[in-house]
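Read the figures in this text as sums done on the coordinates, not as results from a lab. Since the structure is predicted, the reported quantities are computational estimates derived from the model, not experimental observations. All Cβ positions, glycine included, derive from the backbone under ideal geometry; neighbour counts span all protein chains shown.
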Amino acid sequence: MPGLYGRRVWSLPPDLPEVDVPPCPACDARRARPAFAIEGLEARIVVCPGCGLGRMHPMPTEEEVRAFYPAEYYGEEGRKFVPIIEAPLRLVGARHVRFLVRDLPRGARVLDVGCGRGVLLSALADRGLEAHGVELSEAAARGADPRAEVRIAPTLAEAGYPDAFFDRVIIWHVFEHLRDPRATLAEVRRVLRPGGEVVVSVPNFSSAQARWAGAAWFHLDPPRHLWHFTLDALRRLLEREGLPLVAEHHFSLRQNPFGWVQSALNRVPGLPRNALYELLQTGGPPGAPLPLPQRLALRAVWLAALGPVVGLSVVEAALRSGATVCVVGRAR
């Protein structure tokens with residue numbers, strides 16, 4: 001089996017018949033079109049004809065999902081990338097938080113769902129906010145900021161927060177990993193105070209980058225991404241759970257430019273899938289280290305492409321077709 005991010009993905013013929021699926025959480029459709037197959041898995045990525053929502057079908061069990069996250073997925077001691085990458089990522093994360101909570105007073109309660117290594121929690125605490133996090137894996141949260149209160153629970157509901165407890169809930173590139181996103185939003189609505197807001201950021205399955213890259217799209221990330229949200233599906237989900245959309249943002253310096261580069265590299269024959277991403281984390285896929293010339297070439301491609309792909313990401317954001325999208329819903 002390839003490295004953690006190296007499973008091969010390929011497009012299925014467009015004339016395959018639709019299959020029966022559980023009701024779509026966004027539009028209730030009960031049929032979907034098989035779109036992508038994944039190496040080593042019987043499950044496929046299927047697409048809802050009503051709202052464009054993609055999903056793994058059949059949906060993996062809870063035990064299977066846990067197996068998708070070995071210890072190396074989370075990094076060591078709260079750090080996932082090589083130092084030269086980790087530092088700017090944390091800086092960008094802090095800037096994101098300043099933007100997302102700029103209107104909140106000191107002492108406001110903010111929950112980070114799927115807080116992982118606690119990158120956002122540190123930035124929240126630095127701004128004088130009461131930082132809370134919930135995380136499935138104790139190993140993942142090992143490096144979280146001690147100023148934050150972190151609860152380990154398999155679902156948000158099982159974390160046991162009181163009604164109307166939070167001023168804001170952040171679900172930052174976690175929503176696509178959850179087996180039941182609609183149930184999560186229902187719980188978010190319960191723990192938000194009236195007028196409180198939820199911020200959800202996900203890869204945009206309806207983006208220009210996703211359409212161009214197809215099976216090579218970096219943000220597919222099978223099998224960990226169980227859902228692939230279009231903006232339409234995300235809007236419908238929030239509305240159904242009493243969290244109507246009040247804002248959307250399509251630019252991410254952390255996610256969108258890299259998505260263009262890695263997706264393009266994924267289309268190069270003979271190059272391992274997501275090789276650059278694994279190189280920036282651990283030095284390359286485990287068990288099959290890349291030759292030094294190839295490692296140097298990957299780094300050179302990334303540095304050379306950085307300027308142009310940032311510009312491309314600005315354009316796609318202006319067209320409301322960013323490779324990732326951040327939406328804000330407000331509790332009624």
task = Report, please, the projected area of the stretch 135-273 averaged over directions, based on the convex hull of its C-alpha atoms, in nm².
result = 9.7 nm²
task = Have a look at G307, V97, V110 and report the one farthest towards the positive end of the charge dipole of the chain, computed about the Cα centre with Cβ charges (Lys/Arg +1, Asp/Glu -1).
result = G307
inquiry  = Compute, for the chain, the length of the dipole vector about the Cα centre, with Cβ point charges of +1 (Lys, Arg) and -1 (Asp, Glu) only. Units Debye, rounded to 20.
reply    = 740 debye
remark   = GNM of the chain, Cα pairs under 10 angstrom: of V188, V202, V246, the biggest fluctuation goes to V246
remark   = The convex hull of the Cα atoms of the chain, divided by residue count, gives a volume in Å³ per residue of 129 Å³
GNM flexibility winner over the chain from V19, V119, V310 (Cα, springs under 10 Å) = V19
ask   = Amide H to amide H, which residues 5 or more places from G133 or on other chains are under 5 Å from it, using H placed in the peptide plane?
value = D112, E149, V150, R151
key: ³J(HN,Hα), Karplus 6.51/-1.76/1.60, whole Hz, each residue of the stretch 122-132, x for Gly, Pro   = 4, 5, 5, 5, 4, 8, x, 8, 7, 8, 10
remark   = Under 5 Å from the placed amide H of R44, counting only residues 5+ away or on other chains, we find H57
Top positive-direction residue, dipole computed over the stretch 149-279 with Cβ charges, set A215, V174, T230 = A215
request  = Could you work out the local net charge near L298, counting Lys and Arg as +1, Asp and Glu as -1, over the other residues with Cβ closer than 15 Å to its Cβ?
outcome  = +3
request  = Starting from the Cα of R8, step 7 Å along the direction of its Cβ; do the same at R295; then give the gap between the two resulting points in nm.
outcome  = 2.6 nm
key: Cα-based equivalent ellipsoid of the stretch 292-332: semi-axis lengths in Å, sorted from largest, via gyration tensor   = 33, 14, 6
request  = Scan around L12 for amide H atoms under 5 Å from its own, H built in the peptide plane at 1.01 Å from N, and keep only partners 5 or more places away or cross-chain.
outcome  = F36, A37
